[in-house]
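Colleague: Here it is: the structure, laid out below.
Only the coordinates and a few stated rules stand behind these numbers; no lab work does. Here the structure is a predicted model, which is why all the values come from computation and not from measurement. So basically every Cβ, Gly included, is an ideal-geometry build from the backbone, and we count neighbours across all protein chains shown.
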Amino acid sequence: MTALAGAQTTPPPADSPATASQTSISQPATPVKQSAVAAAASASRQARDAAPPIKVIRNHDLNDGSTPPDAAKSKQKSSDLEQTAAQAKETQEDEEKVRQFESQGKIFQNQVKVQKGKIIGIQNRIASLKNQFDAWSTAFSQDSDAPACWTSTYYTPCYQSWCDTGRKLKAKYDAAQVQLGQEKARLDEMQENIRRAGYGNAVYDPD
């Protein structure tokens, strides 16, 4: 019995087949391959690390004046359209001002022509009155009583009849001279106002 027990408790030698078999089972010689999930995770991580950082636009970015590219282009296009429209409107207004200036110039020109025509008419009338008065004066130049037409004797019935013609011609002539002076002064004032308005002599002094 003692010998049997001693035999059972004796450990096997180091190079026994059982020990070698157990060692080979617990430590496999072939390494385990990496799983597909782990490979995908690794590839995703590498791609994420290689990608540029994503900028997140926040409210304070917009308030600081940062504008997304599309919005900036839209704003620029809108600004260009507004500028073009403003320029077109300004051009149209300038053309309208030119048309109004030219139209008013024609009105001024006609007014000057009418005034000049009026003055010419008065001058012709003065010339006619002068000729008539000269003819009357010549008829009575040899008459010693002719000066009575400009004295108190005029009221004498024998003088009044033949003196009236000369007196009326003289009165009309004097009145026409006064009118001529007034119309010339009016023409001068008219021409000066037109000149100050920016028009040339073709407008304020037409032929």
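Colleague: Taking the simple approach of a point 7 Å from Cα along Cα-to-Cβ for both Gln179 and Ser42, what is their distance in nm?
Modeller: Each label point is offset 7 Å from its Cα along the Cβ direction, giving 12.1 nm.
Colleague: Over 28 Å between C-alpha atoms is what I'm after, so list which of Lys118/Lys170; Lys77/Lys97; Lys97/Lys118 land there.
Modeller: Lys77/Lys97; Lys97/Lys118
Colleague: Which Rg and Dmax, in Å, describe the Cα atoms of the stretch 102-207?
Modeller: Here Rg and the maximum Cα pair distance are 20.6, 64 Å.
Colleague: OK, next. Cut-off is 10 Å between beta-carbons; in what order do Lys89, Lys184 appear when sorted fewest neighbours first?
Modeller: Exposure proxy ranking, most exposed first: Lys89, Lys184.
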